[in-house]
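Chemist: For reference, the structure I am asking about is given below.
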Amino acid sequence: MPQAPSRPVFVYGTLRRGGSNDINRLQPAPEYVGMGEVRGVLYHIDWYPGLTLGGEEAVMVVGEVYLVTPALEAILDGIEQVVPGPDSEYFKREVEVEVQGRSIPCLVYEINPARVRGKQVIGHGDWILFHTS
């Protein structure tokens, strides 16, 4: 039986290189594609961020794009606490991400909007810059 193909994922928070859940430390290893940007609002949830896509306050949120296998995607689903139904912490979306001048459809983990009420907006859209400053 053929294995499902890898697909691109856009990571913008703790899964970024150097983050507490650095995707590069996970197995099977992802393949780095490049830096990317997506329009949205980045929030400081706690020790991690959450991204809502689009919106009136949207800025270009910075992240990294990797090709991941279905096995690694399942691990990411666990890290992001994706569960069926409206109470999931994150929802899986497929959106166009700008990567080095081209648009690539990527998996993005979008925070449940109910989780961002009253949370601080990270106006410049870069979790690593925010988290290390």
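The values are calculated or read from the model by the stated rules, or taken from the named source; none is laboratory data. Quick caveat: nothing in here was measured; it's all calculated off a predicted structure. Every residue, glycine among them, receives a Cβ derived from its backbone with ideal geometry; neighbour counts consider all protein chains shown. Just the protein is used for accessible areas: all its heavy atoms, side chains included, with ligands, DNA and RNA removed. Shrake-Rupley method; radii C 1.70, N 1.55, O 1.52, S 1.80 Å.
Chemist: Within the stretch 43-77, can you find the residues that are over 17 Å from Leu15 (Cα atoms) and of a type in the set (D, E, K, R)? Step through it out loud before you land on a result.
Modeler: Restricting attention to the stretch 43-77, the residues satisfying the condition of being over 17 Å from Leu15 (Cα atoms) are 53-60.
If the condition is that a residue be over 17 Å from Leu15 (Cα atoms) and of a type in the set (D, E, K, R), then Glu56, Glu57 are the ones that fit.
Chemist: Here's another thing I want to ask about it. Would you confirm, using the coordinates I've provided, whether Gly63 is among the small types (Gly, Ala, Ser), modelled with pLDDT of 95 or more and touching a Lys or Arg at 6+ places or on another chain (Cβ under 9 Å)? Write out each step before concluding.
Modeler: Values: among the small types (Gly, Ala, Ser): yes; modelled with pLDDT of 95 or more: yes; touching a Lys or Arg at 6+ places or on another chain (Cβ under 9 Å): yes.
The answer is yes for Gly63.
Chemist: State yes or no: is Val68 in contact with a strand residue (DSSP E or B) (Cβ under 9 Å, 6 or more places away or on another chain), over 17 Å from His131 (Cβ atoms) and among the hydrophobic types (A, V, I, L, M, F, W, C)? Even if it seems obvious, please write down each step before you answer.
Modeler: On the way: in contact with a strand residue (DSSP E or B) (Cβ under 9 Å, 6 or more places away or on another chain): yes; over 17 Å from His131 (Cβ atoms): yes; among the hydrophobic types (A, V, I, L, M, F, W, C): yes.
Taking the combined requirement at face value, the residue satisfies it.
Chemist: Filter the stretch 26-35 for residues that are open to solvent by less than 60 Å² (accessible area, probe 1.4 Å) and either in contact with a Cys (Cβ under 7 Å, 6 or more places away or on another chain) or over 19 Å from Leu129 (Cβ atoms) (or both) and give the result.
Modeler: Pass one, the stretch 26-35, residues open to solvent by less than 60 Å² (accessible area, probe 1.4 Å): 26, 28, 30, 33-34.
Listed by number, the residues that qualify are Leu26, Pro28, Pro30, Val33.
Chemist: Ok, one more. Quick one: Leu51 ticks every box in (1) open to solvent by 30 Å² or more (accessible area, probe 1.4 Å); (2) within 26 Å of Thr132 (Cα to Cα); (3) among the hydrophobic types (A, V, I, L, M, F, W, C); (4) in contact with a Phe, Trp or Tyr (Cβ under 7 Å, 6 or more places away or on another chain) except a single one, so which number is it?
Modeler: Condition (1) is where Leu51 drops out.
Chemist: Val59 - would you say it is touching a strand residue (DSSP E or B) at 6+ places or on another chain (Cβ under 9 Å) and either among the hydroxyl-bearing types (Ser, Thr, Tyr) or surrounded by 15 or more Cβ atoms within 10 Å (Cβ to Cβ) (or both)? Working first, answer last.
Modeler: On the way: touching a strand residue (DSSP E or B) at 6+ places or on another chain (Cβ under 9 Å): yes; either among the hydroxyl-bearing types (Ser, Thr, Tyr) or surrounded by 15 or more Cβ atoms within 10 Å (Cβ to Cβ) (or both): yes.
Judged against the criteria, Val59 is a match.
Chemist: Glu98 versus (1) surrounded by 15 or more Cβ atoms within 10 Å (Cβ to Cβ); (2) within 13 Å of the chain's Cα centre (by Cα): which is the lone unmet condition?
Modeler: Evaluating Glu98 over (1) surrounded by 15 or more Cβ atoms within 10 Å (Cβ to Cβ); (2) within 13 Å of the chain's Cα centre (by Cα) leaves (2) as the failure.
Chemist: Which numbered condition trips up Pro86, out of (1) touching a residue at least 40 places away in the same chain (Cβ under 8 Å); (2) within 19 Å of Arg117 (Cα to Cα); (3) not charged (D, E, K, R)?
Modeler: All conditions are met except number (1).
Chemist: Additional query: Identify all residues within the stretch 8-25 that are at pLDDT 95 or above and either hydrophobic (A, V, I, L, M, F, W, C) or open to solvent by 70 Å² or more (accessible area, probe 1.4 Å) (or both); write none if there are none.
Modeler: Across the stretch 8-25, the qualifying residues are Val9, Phe10, Val11, Leu15, Arg17, Ile23, Arg25.
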